[in-house]
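Heads up, the thing below is written out as structure tokens.
The values are calculated or read from the model by the stated rules, or taken from the named source; none is laboratory data. Remember, it's a predicted structure, so these values are computed and weren't measured experimentally. As a convention, Cβ positions derive from the backbone with ideal geometry for all residues, glycine included, and neighbour counts pool all protein chains shown. Side chains are part of the model used for accessible areas, which takes the heavy atoms of the whole protein and leaves out ligands, DNA and RNA. Shrake-Rupley method; radii C 1.70, N 1.55, O 1.52, S 1.80 Å.
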Amino acid sequence: MIRKLRIAALTVFVCEIALWLADRIGNAVTTPMPFNGFPADGPFQTFNPLRRIAAGQHGGVDFQFFHGLGVPYLLYPLFALGGKTIFSSEVSRELVSVLCFALTVVAISAAASRNRIITIVASAAAFSVSWPLQFLSVGGISLVGLRSTAPVLFTVVLLLPLPARARFAAGAAVIGTAFALGTEQGIAVVIAFGAMQTLMAVKHRTPRPLAHAAAPVAAGLAAYVAFLLIVGGASGCRKALHYAFVDVPADQFWYFGTPPNRFFGQWFDVFGDHFFAPVFGSCLTVTLIVLVVFLRAKGGRGEQVFHAAGVLLIYGLISSAAYFGYIYPGNAFPMLRATFLAVVALVAYGCTVYRHHGDRRVISVAVTSIYLFVTLLVVADAVVTITDLQSLVLPRYRIFVEHGRRWEMSPRWQWDMAIAHRLIGSPPAGIKPRIWCTFAGLVDADYGTFNPSFDYIFHALGDENRRAYIDAFRRTRPDYVETLRPSVVGYELWLREAQWDFYSELLHRYEPAAISSHSLWWKRGRVTPLVEHDSATMNVGPEGTFAPLTLPHFDSRVAVAVITLRYRLTNPWRRVPVAGQVPRHLLLIHGALNGDAVALSPYRTEAQVPVFVRNGQRPSIGVITESLVPNTSVTVLGATVQLIELDEKTERFLNSSFANDRVPPQVRHDFR
């Protein structure tokens with residue numbers, strides 16, 4: 001009787017795994033039914049490089065990919081199979097993310113237990129409680145689930161009973177993949193592996209584990225470089241490596257980790273963070289327990305399992321460094337995943353050990369209790385999953401069928417595309433319009449154009465790339481420019497401050513043309529020149545003090561006071577990884593329309609910052625350093641201010657406030 005009940009329970013567990021996969025795969029396939037993706041990040045961050053690959057462009061040479069150049073090439077087969085459209089792009093990134101998440105859960109359960117029944121039970125239990133990790137099973141805005149898959153698979157390689165040569169080959173392949181899918185992921189898993197091998201060497205008093213670590217790491221790095229050489233040749237490989245290991249890390253903190261993004265300015269913020277502190281504390285606690293057991297283990301299978309778990313957990317702790325770049329839950333999800341899967345692996349291994357060496361009478365009771373507990377988890381998750389299928393997946397597919405099984409855009413995107421077509425028109429055959437989008441997307445795809453520089457303005461990282469972006473914009477002289485609306489994408493206000501050289505060019509040479517639900521369209525050829533006042537010098541005091549802006553009289557409702565600031569940064573930690581990047585040197589703005597803080601670049605000594613002022617306002621500015629490390633500061637060497645008056649049409653255009661992301665509002669062409 002007990003045996004039949006256990007078989008029935010196992011059947012339920014297999015059904016849970018199948019139901020979980022059906023729901024997530026269904027969500028992945030029906031996500032673009034119809035397509036209603038966010039205009040920045042997410043869908044187009046993947047679609048743009050996939051379009052470039054389809055057009056014959058080469059990674060590293062013609063484009064870079066912020067999250068790891070291997071990502072678009074991994075997604076490309078499904079993208080091409082689906083017709084090379086935004087719909088196949090969405091299905092590809094969502095489906096691959098789901099499958100990678102499921103693979104890690106099943107693989108680590110199987111590798112740790114080496115028992116089919118325990119693998120089924122552990123996988124079903126893991127899937128049933130994985131709702132807090134759902135962000136890792138979807139594409140999201142950064143594909144963090146996909147990018148953090150390789151480190152988990154490296155742990156699986158360490159757990160498997162492989163011959164030495166097979167372990168070396170598999171380890172090297174996974175390490176190379178980790179770097180290709182995300183540089184920070186590759187670095188974290190290599191450091192974690194090196195740390196555990198060092199402990200192994202100290203424990204056994206032999207340097208042999210260090211040699212065993214060096215070989216697969218070196219081979220993995222060689223495989224990663226070989227991939228870049230195949231994709232982009234010598235030049236593309238050099239550029240891709242520089243972008244991944246120099247440009248992106250250099251800007252991850254000071255550029256992205258400033259307002260409106262939150263960041264850690266003092267240690268109280270770290271320990272008081274309601275998400276990061278408990279996740280980091282949990283991971284650290286489990287890591288310390290695993291390390292103690294590992295050092296006390298006498299070798300054999302137990303040492304292997306705790307060694308692998310240690311690698312995974314230390315990787316999770318190191319990967320959390322991204323959270324110090326800017327406070328965003330997605331930056332801590334790899335650590336949460338590492339903790340979760342390490343616990344799954346240890347429980348699966350513990351069940352295997354107890355099954356073979358425990359008291360037979362106690363084992364029978366324990367197995368029955370485990371089956372009962374997991375059954376309760378599975379039933380609870382099945383209720384939620386079936387509800388999700390009924391409320392999301394099936395309605396999407398039903399609408400898809402009702403519309404003749406045609407992939408379609410949402411009404412909002414149809415409306416936005418109609419506005420773009422009306423503005424740009426149909427160019428003569430063989431001639432493509434000169435379009436520049438700060439966040440490239442569907443309009444570029446529809447007209448078959450590509451930005452001559454980075455697809456996303458904030459992916460032009462590093463001083464050289466940022467200057468090259470502006471130079472390419474000036475050289476191209478596009479007829480139409482699309483920027484985002486701050487009422488839809490709040491980062492637009494930050495971009496106007498951080499990339500003022502681009503927006504200054506836009507204001508001086510382009511006229512407002514049209515407004516869509518998410519963007520502002522500009523047309524080359526300003527009719528009415530902007531009124532510019534002469535520059536004047538001003539004094540900016542030491543850190544923590546504010547200096548009022550002395551502005552000339554102006555008649556317009558809104559003007560831009562452009563501050564040119566010369567400064568010197570003091571940071572004795574600048575060559576120390578992570579610690580040298582946590583100081584934020586900020587220009588503070590008070591009493592203006594854009595009252596916020598603007599980051600000062602650590603590799604420049606001069607900055608131009610716009611202060612948007614309404615007539616009658618009396619703004620003030622100051623500088624400050626917020627840092628987790630001591631002895632960092634900013635000193636202002638000099639400053640000037642120039643006032644530029646905005647005409648009413650431009651001012652209204654820049655601050656257009658209407659927005660409705662579900663149903664397009666009535667079409668407006670105020671500036672046509």
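Listing for the model above:
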| read-out | value |
| --- | --- |
| Unmet requirement for D471, which otherwise passes all of (1) part of a helix (DSSP H, G or I); (2) among the charged types (D, E, K, R); (3) within 19 Å of T650 (Cβ to Cβ) | (3) |
| Cβ pairs under 7 Å, 6+ apart, first in segment 444-473 and among the basic types (K, R), second crowded, with 21+ Cβ neighbours inside 10 Å | R466/A460 |
| Odd one out for F65, checked against (1) touching a residue at least 40 places away in the same chain (Cβ under 8 Å); (2) open to solvent by less than 30 Å² (accessible area, probe 1.4 Å); (3) not in a helix (DSSP H, G or I) | (1) |
| Subset of segment 246-301 (residues that are out of contact with any Asp or Glu (no Cβ under 7 Å at 6 or more places or on another chain) and aromatic (F, W, Y)) | F253, W254, Y255, F256, F263, F264, W267, F268, F271, F275, F276, F280 |
| Scope segment 555-565; condition under 10 Å from L646 (Cα atoms) and open to solvent by less than 10 Å² (accessible area, probe 1.4 Å); matching residues | V558, A559, V560 |
| Matching residues, segment 369-388, being open to solvent by 60 Å² or more (accessible area, probe 1.4 Å) and among the polar types (S, T, N, Q) | S369, T387 |
| Breaking point among (1) open to solvent by less than 10 Å² (accessible area, probe 1.4 Å); (2) of a type in the set (D, E, K, R); (3) in a loop (DSSP other than H, G, I, E, B), for E492 | (3) |
| Within segment 401-417, considering residues that are part of a helix (DSSP H, G or I) and more than 30 Å from the chain's Cα centre (by Cα), the one nearest to I25 (Cα to Cα) | V401 |
| Residues located in segment 128-145, provided they are open to solvent by less than 50 Å² (accessible area, probe 1.4 Å), closer than 13 Å to C100 by Cα, assigned to a helix (DSSP H, G or I) and of a type outside the set (A, V, I, L, M) | Q134, S137, G145 |
| Residue match in segment 447-470 (condition: closer than 19 Å to G42 by Cβ, in contact with a helix residue (DSSP H, G or I) (Cβ under 8 Å, 6 or more places away or on another chain) and either polar (S, T, N, Q) or at pLDDT below 90 (or both)) | yes |
| Filter result for P577 (surrounded by 18 or more Cβ atoms within 10 Å (Cβ to Cβ), in a loop (DSSP other than H, G, I, E, B) and within 28 Å of the chain's Cα centre (by Cα)) | no |
| The one condition in (1) of a type in the set (S, T, N, Q); (2) under 23 Å from S319 (Cα atoms); (3) under 29 Å from the mean Cα position of the chain (by Cα); (4) surrounded by fewer than 17 Cβ atoms within 10 Å (Cβ to Cβ) that T198 fails to fulfil | (3) |
| Scope segment 393-407; condition touching a helix residue (DSSP H, G or I) at 6+ places or on another chain (Cβ under 8 Å) and open to solvent by less than 70 Å² (accessible area, probe 1.4 Å); matching residues | V393, R396, F400 |
| Among (1) modelled with pLDDT of 90 or more; (2) at positive phi, the one test that G544 misses | (1) |
| Top-ranked residue of segment 300-354 - restricted to ones that are of a type in the set (D, E, K, R) and surrounded by fewer than 23 Cβ atoms within 10 Å (Cβ to Cβ), ranked as nearest to the chain's Cα centre (by Cα) | E303 |
| Evaluation of G525 against (1) of a type in the set (G, A, S); (2) open to solvent by less than 70 Å² (accessible area, probe 1.4 Å); (3) farther than 20 Å from W436 by Cβ (one fails), failing number | (3) |
| Among (1) surrounded by fewer than 21 Cβ atoms within 10 Å (Cβ to Cβ); (2) in contact (Cβ under 8 Å) with a residue 12 or more places away in the chain; (3) hydroxyl-bearing (S, T, Y), the one test that T438 misses | (1) |
| Selected residue (only one of A22, A28, A54 is surrounded by 19 or more Cβ atoms within 10 Å (Cβ to Cβ) and either farther than 22 Å from W131 by Cα or at pLDDT 90 or above (or both)) | A28 |
| Exclusive hit being in contact with a helix residue (DSSP H, G or I) (Cβ under 6 Å, 6 or more places away or on another chain) and open to solvent by less than 10 Å² (accessible area, probe 1.4 Å), set T183, T149, T177 | T149 |
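Here is a yes/no grid of residues against (1) surrounded by fewer than 17 Cβ atoms within 10 Å (Cβ to Cβ); (2) on the phi < 0 side of the Ramachandran plot; (3) of a type in the set (F, W, Y):
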{"residue": "L586", "(1), (2), (3)": "no, yes, no"}
{"residue": "I589", "(1), (2), (3)": "no, yes, no"}
{"residue": "E606", "(1), (2), (3)": "yes, yes, no"}
{"residue": "F612", "(1), (2), (3)": "no, yes, yes"}
{"residue": "T625", "(1), (2), (3)": "no, yes, no"}
{"residue": "V641", "(1), (2), (3)": "no, yes, no"}
{"residue": "E645", "(1), (2), (3)": "no, yes, no"}
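Yes or no, residue by residue, for (1) part of a loop (DSSP other than H, G, I, E, B); (2) over 20 Å from H585 (Cβ atoms); (3) free of Cβ contacts under 8 Å to residues at least 40 places away in the same chain; (4) over 37 Å from the mean Cα position of the chain (by Cα):
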site	(1), (2), (3), (4)
E505	no, yes, yes, no
A514	no, yes, no, no
S517	yes, yes, no, no
T537	no, yes, no, yes
H553	yes, yes, yes, yes
S556	yes, yes, no, yes
